[in-house]
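Here's the structure we're looking at; comments come further down.
The values are calculated or read from the model by the stated rules, or taken from the named source; none is laboratory data. Remember, it's a predicted structure, so these values are computed and weren't measured experimentally. Neighbour counts run over all protein chains shown; Cβ positions are idealised from the backbone, glycine included. Areas reflect the complete protein model, heavy atoms only, side chains present, ligands, DNA and RNA absent. Shrake-Rupley method; radii C 1.70, N 1.55, O 1.52, S 1.80 Å.
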Amino acid sequence: MTVLLSKPNSIFMKGLLRKHYLAKALLPLFLLSLSFTGSAQDPSTFLLQPRKIAVDSKDNVYVLHQGGITKIAPDGKMTLVSDIFFGDIVIDSKDQLYFSGGSSIWKMNQATGVIEFYSGDKNYGGGADGKLLEAKFNKIQSLYIDQNDVIYAADAALFFLKEIDPKAGKTWIEPNVPGRYRKIENWYCIRKISQGNVSTLKTSDGKLLLLNNVTGIAVDRDGNVIHAGGGYSRAVRKLNMADFTWSTLGGKPYKREWCPVYVPGDTAKAELFDPGPLLLDNKGAVVYLDNRSHRISKIADGKVITLAGSGLIDPCGQNIGGRAREGYKDGKSTLALFNFPKGMAYDSKGNLLIADTNNSCVRKLSADGIVTTITYFDRSKALINNY
């Protein structure tokens, strides 16, 4: 069954969704048949604060934004497929979409367009492994799906822990984390969803693996967990699942609590600003978003490289937490300007689609280094400071 609407703000649908949302938090939603052809000059393609992106095998782009989920076809046609906002999105090899929603995971079947509950608990968080509908998640920070369609979730470890005590012998924690950051709310564990079961990554002798302040995750072809720690560690690190050791791929972990600097180049000297969501490109290189410096960077071949973004970084006295000057500018990637980008995905042609959140538009970084805008940009609705 398909619900036909003449416009996305249908009073009937809004009331229906509000009623079901309050009752069950999130419920399956029928595909909305609102379609429109989009371009950067067409106001009807405006997306309020897009945050996450996924691309399917046919290069359809799915964007999570404040208004819900919008599909952008390769020809530019845009379709609102849901007006519920989720936290993160991944897509498997069969083009099925998965969404995180707080303490639960949802799935949309491409054939029917129906969003169905997939795993976790609709009403309560927790820390239980088991079958999809028996497991509990606490607070999912980010999702990742590997080449075998195994889903990984960075989940707050609150329900697994009563206190952080390295001497207790029940946890295996990320090394060199200063004591002031070892608050219970700063720890995350990695949950794995495979073959109808949810499990939590542990050492071979059963110790819970704990990562600090996770802002993005990826998993390489060997099953090693790559994670970003923005704001605290300001680094991208790898957890080797063969021997449960950590190594630093980029940045100087916990060197600077305040006044971060961005130093690209040799990873032995490089410093990262505030790394967040990340992914692996087709060669296995780490690509990450830094929303406070408004840049997209890559860690590969022993170097940190700026792929796009050029906002002037404020002096420490202006913002000790670190921030660059946001803006909006297309063109050559190293001259382009962004505004707190928070999501990205590659298409089949090597283009990187970017959710430019505070500019409320979707940008494209082409394989040859040119930034363009593929949805409508409205400067009056962009959150750009007047510099």
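Determine if segment 130-139 includes at least one residue that is without any contact (Cβ under 8 Å) to a residue 24 or more places away in the chain and closer than 14 Å to residue 89 by Cα.
So far as segment 130-139 goes, no, none of its residues is without any contact (Cβ under 8 Å) to a residue 24 or more places away in the chain and closer than 14 Å to residue 89 by Cα.
Criterion first (outside any strand (DSSP E or B) and not charged (D, E, K, R)) does residue 293 satisfy it?
Taking the combined requirement at face value, the residue satisfies it.
Return the pair list, or none, for Cβ contacts closer than 6 Å from residues in segment 192-214 that are under 12 Å from residue 153 (Cα atoms) and hydrophobic (A, V, I, L, M, F, W, C) to residues that are open to solvent by 40 Å² or more (accessible area, probe 1.4 Å) and not in a strand (DSSP E or B), at least 6 apart or on different chains.
198/129
So which residues in segment 104-131 are surrounded by fewer than 22 Cβ atoms within 10 Å (Cβ to Cβ), closer than 23 Å to residue 187 by Cα and modelled with pLDDT of 95 or more?
Passing the criteria: 129, 130.
Within the group 46, 36, 30, which residue is in contact with a helix residue (DSSP H, G or I) (Cβ under 6 Å, 6 or more places away or on another chain) and either surrounded by fewer than 19 Cβ atoms within 10 Å (Cβ to Cβ) or at pLDDT below 95 (or both)?
36
Applying the selection to segment 286-309, what residues are free of Cβ contacts under 8 Å to residues at least 40 places away in the same chain and either among the β-branched types (Val, Ile, Thr) or open to solvent by 10 Å² or more (accessible area, probe 1.4 Å) (or both)?
298, 300, 301, 302, 303
How many residues are farther than 24 Å from residue 220 by Cα, of a type in the set (A, V, I, L, M) and under 17 Å from the mean Cα position of the chain (by Cα) if we restrict to segment 100-157?
0
Report every pair of residues separated by at least 6 positions or lying on different chains whose Cβ atoms are under 6 Å apart, first residue within segment 314-341 and touching a residue at least 60 places away in the same chain (Cβ under 8 Å) and closer than 16 Å to residue 385 by Cα, second open to solvent by 80 Å² or more (accessible area, probe 1.4 Å) and in a loop (DSSP other than H, G, I, E, B).
Between residues of segment 314-341 that are touching a residue at least 60 places away in the same chain (Cβ under 8 Å) and closer than 16 Å to residue 385 by Cα and residues that are open to solvent by 80 Å² or more (accessible area, probe 1.4 Å) and in a loop (DSSP other than H, G, I, E, B), the close pairs are 325/312; 325/387.
For every residue, the table says whether it meets (1) open to solvent by less than 20 Å² (accessible area, probe 1.4 Å); (2) at pLDDT below 95; (3) under 23 Å from residue 71 (Cβ atoms); (4) part of a strand (DSSP E or B).
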{"position": "335", "(1), (2), (3), (4)": "no, no, no, no"}
{"position": "339", "(1), (2), (3), (4)": "yes, no, no, no"}
{"position": "345", "(1), (2), (3), (4)": "yes, no, yes, yes"}
{"position": "371", "(1), (2), (3), (4)": "yes, no, yes, yes"}
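Given segment 185-254, what strands (runs of 3 or more DSSP E) lie entirely inside it while holding 2 or more residues that are open to solvent by 10 Å² or more (accessible area, probe 1.4 Å), over 20 Å from residue 171 (Cβ atoms) and modelled with pLDDT of 95 or more?
Because the criterion is at least 2 residues that are open to solvent by 10 Å² or more (accessible area, probe 1.4 Å), over 20 Å from residue 171 (Cβ atoms) and modelled with pLDDT of 95 or more, the strands (runs of 3 or more DSSP E) in segment 185-254 that meet it are 245-251.
Could you list, in sequence order, the residues of segment 170-188 that are touching a residue at least 60 places away in the same chain (Cβ under 8 Å), under 14 Å from residue 227 (Cβ atoms) and under 23 Å from the mean Cα position of the chain (by Cα)?
Correct list: 174 only.
Could you please give the count of residues in segment 120-155 that are touching a strand residue (DSSP E or B) at 6+ places or on another chain (Cβ under 6 Å), polar (S, T, N, Q) and more than 17 Å from residue 228 (Cβ to Cβ)?
Final tally of qualifying residues: 1.
Scan segment 310-317 and give yes if some residue there is buried (at least 17 other Cβ atoms within 10 Å of the Cβ) and either touching a Pro at 6+ places or on another chain (Cβ under 9 Å) or among the aliphatic types (A, V, I, L, M) (or both), otherwise no.
There is at least one residue in segment 310-317 that is buried (at least 17 other Cβ atoms within 10 Å of the Cβ) and either touching a Pro at 6+ places or on another chain (Cβ under 9 Å) or among the aliphatic types (A, V, I, L, M) (or both).
Of everything in segment 320-333, what is under 11 Å from residue 292 (Cα atoms) and part of a loop (DSSP other than H, G, I, E, B)? Give them in sequence order.
321, 322, 323, 325, 326
Go through segment 45-96 residue by residue and tally those that are closer than 21 Å to residue 377 by Cα, basic (Lys, Arg) and either in contact (Cβ under 8 Å) with a residue 60 or more places away in the chain or in a loop (DSSP other than H, G, I, E, B) (or both).
Of the residues in segment 45-96, 2 are closer than 21 Å to residue 377 by Cα, basic (Lys, Arg) and either in contact (Cβ under 8 Å) with a residue 60 or more places away in the chain or in a loop (DSSP other than H, G, I, E, B) (or both).
Just to verify a result, which residue in segment 347-369, among those that are open to solvent by less than 30 Å² (accessible area, probe 1.4 Å) and aliphatic (A, V, I, L, M), is farthest from residue 42 (Cα to Cα)?
352
Can you pull out the residues in segment 262-281 that are open to solvent by 50 Å² or more (accessible area, probe 1.4 Å) and either at pLDDT below 95 or closer than 17 Å to residue 230 by Cβ (or both)? Let's see the steps before the verdict.
Of segment 262-281, the ones open to solvent by 50 Å² or more (accessible area, probe 1.4 Å) are 263-264, 266, 268-269.
Result: 263, 264.
So that you can scan it fast, the table gives a plain yes or no per residue for (1) touching a Ser or Thr at 6+ places or on another chain (Cβ under 6 Å); (2) among the polar types (S, T, N, Q):
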| residue | (1), (2) |
| --- | --- |
| 182 | no, no |
| 205 | no, no |
| 214 | no, no |
| 224 | no, yes |
| 230 | yes, no |
| 235 | yes, no |
| 248 | no, yes |
